[in-house]
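Take a look at the structure set out below.
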Amino acid sequence: VSASDTSRAAEAVDWLQRDNSTGRNTTTPVRDVDASEVYAALQRAEVVRFDAAPLLLPGMLNATLPNLERLHSDASSEIIAYGSFDMGAICHFFVHWVLTYAYPRVGRTMLFWVMRQVAVHSSRWICSRRSLAEYARSKEILRKAGPTNINARRLPRFAVGADFAGRLGFGDLVERTESWLWFGFNPNPAISFHTDAQDNVLVELTGGSEVSIFPPDAFDALANGSAEQPVHYRVTIRPGQGIAIPSNFLHAVFHLEPNRTAYNAFFEPKFGRMQWPEAKGNMYTKWGQHRKEYLCMRSLWMLSLGQLWDTQQIGMAMHGWKMEFL
């Protein structure tokens, strides 16, 4: 997380707390659209709520963890969930934080290689992670879970063939779509504000969520005195509804019900694609203008991750063990 993202998140939390304490509603309304309009909305960096029914395959709407466990009864104890707040994730973070701290000093030495091997192998033993079966069978474990996810590629009998990129019209623009099933309860979304580089959509399957969203320049007009409040959105989505979140928009998700499940899709562009001229703050547009070598390496990285999963069924944990890219 960059310093600018941290600063923007702090401003967003402060503004939402002001709204809540005064009972005001200074949010900007969003348009409700058909799924066919999502492509154009993301091109101009517009937040929209949409009817997700055309994207959902049979068995996705109202999917529950017990249903998913039954679908994967032969492997549910081996399908590991990731998240920010379970003890396994926190344990992984601290074990590997040592490597992050040590790399600038000894990163090119044999000592660092030994440290890395010890950290990787020891974390497998001391940093336990919960499985789909555990969350599905215990309401108490699920109640205590923070935002938790399973990469959709780990669920081979769920959402098979759910081509969100193709159905939304992105077609050959997308190199790879990363999708996750989300569950667990987030009682304090203020600590989970973040940005994503990719244009993405979040679709509610069960329960409900409230999504708070701030554009990249939300606080600029407030700072220079040309507006009394920042442009921001607070959008409720129910089962069968989705929300389109443009690249680099700050957002947090508040889960309205503890049994909530959702499915999202991150659209990773092919090299040089999805650089929308109208989309202010779009990360790929910025990188295309100033950091083409970064875009090249990112495309190579995504292609390598995809090949690693497609050929050897190996994934990569990301963001402090918050999620898994496959």
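The values are calculated or read from the model by the stated rules, or taken from the named source; none is laboratory data. Keep in mind it's a predicted model, so treat the numbers as computed, not measured. Quick reminder, even Gly has a Cβ in these numbers, built from the backbone with ideal geometry, and neighbours come from all protein chains shown.
Confirm whether G288 is assigned to a helix (DSSP H, G or I) and of a type in the set (G, A, S).
yes
Among the residues of the range 263-280, is any part of a helix (DSSP H, G or I) and among the aliphatic types (A, V, I, L, M)?
no
Run G166 past the list (1) closer than 16 Å to V38 by Cβ; (2) in contact with a strand residue (DSSP E or B) (Cβ under 6 Å, 6 or more places away or on another chain); (3) not in a loop (DSSP other than H, G, I, E, B) and report the number of the one that doesn't hold.
(2)
Checking F112 against (1) touching a Phe, Trp or Tyr at 6+ places or on another chain (Cβ under 7 Å); (2) closer than 21 Å to F94 by Cα; (3) outside the structural domain of C91 (by TED's automatic domain parsing), which single condition isn't satisfied?
Of (1) touching a Phe, Trp or Tyr at 6+ places or on another chain (Cβ under 7 Å); (2) closer than 21 Å to F94 by Cα; (3) outside the structural domain of C91 (by TED's automatic domain parsing), only one is false for F112: (3).
I want to confirm something. Restricting to the range 207-255 and keeping residues that are over 15 Å from R49 (Cα atoms), crowded, with 22+ Cβ neighbours inside 10 Å and of a type in the set (G, A, S), which single residue is modelled with the highest pLDDT?
Out of the qualifying residues, it is S247.
Scan the range 299-326 residue by residue and report those that are in a helix (DSSP H, G or I) and in contact (Cβ under 8 Å) with a residue 12 or more places away in the chain.
S299, M302, L303, L305, G306, W309
Every residue, every condition in (1) modelled with pLDDT under 80; (2) under 22 Å from R157 (Cα atoms), yes or no:
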site: P54; (1), (2): no, yes
site: P58; (1), (2): no, yes
site: L65; (1), (2): no, yes
site: S84; (1), (2): yes, no
site: G88; (1), (2): yes, no
site: F93; (1), (2): yes, no
site: Y103; (1), (2): no, no
site: M115; (1), (2): no, no
site: S123; (1), (2): yes, no
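Give me a count of the residues in the range 199-245 that are part of a strand (DSSP E or B) and within 21 Å of D19 (Cβ to Cβ).
13
Step by step: first the residues of the range 257-272, then only those that are over 28 Å from K139 (Cβ atoms) and among the small types (G, A, S), then the one that is surrounded by the most Cβ atoms within 10 Å (Cβ to Cβ). Which residue is that?
If we take residues in the range 257-272 being over 28 Å from K139 (Cβ atoms) and among the small types (G, A, S), then A265 is surrounded by the most Cβ atoms within 10 Å (Cβ to Cβ).
How about the range 205-234: which of its residues are within 18 Å of V30 (Cβ to Cβ) and hydroxyl-bearing (S, T, Y)?
Result: S209, S212, Y233.
Going by the structure shown, is K139 at pLDDT below 90, surrounded by fewer than 16 Cβ atoms within 10 Å (Cβ to Cβ) and under 22 Å from the mean Cα position of the chain (by Cα)?
No: the conditions fail for K139.
Return yes when F170 is surrounded by 21 or more Cβ atoms within 10 Å (Cβ to Cβ) and either in the same structural domain as A317 (by TED's automatic domain parsing) or of a type in the set (D, E) (or both) and no when it is not.
Judged against the criteria, F170 is a match.
Filter the range 40-54 down to the residues that are assigned to a helix (DSSP H, G or I) and either small (G, A, S) or in contact with a strand residue (DSSP E or B) (Cβ under 7 Å, 6 or more places away or on another chain) (or both) and list them by number.
A40, A41, L42, A53
Considering every residue within the range 256-275, establish whether at least one is modelled with pLDDT under 95, in contact with a Phe, Trp or Tyr (Cβ under 6 Å, 6 or more places away or on another chain) and closer than 29 Å to T100 by Cβ.
no
Residue by residue through the range 280-326, note down the ones that are loosely packed, with under 15 Cβ neighbours inside 10 Å and among the acidic types (D, E).
Matches in the range 280-326: E293, D310.
Got a number for residues in the range 148-194 being at pLDDT below 90 and within 17 Å of S76 (Cβ to Cβ)?
2
Across the range 152-166, what is the total count of residues that are under 19 Å from the mean Cα position of the chain (by Cα) and of a type in the set (K, R)?
2
Determine which member of the set I191, I245, I237 is more than 25 Å from D32 (Cα to Cα) and among the aliphatic types (A, V, I, L, M).
Answer to the check: I191.
Condition first: surrounded by fewer than 16 Cβ atoms within 10 Å (Cβ to Cβ), modelled with pLDDT of 80 or more and not in a strand (DSSP E or B). Now tell me which residues in the range 19-39 satisfy that.
T28, P29, S36
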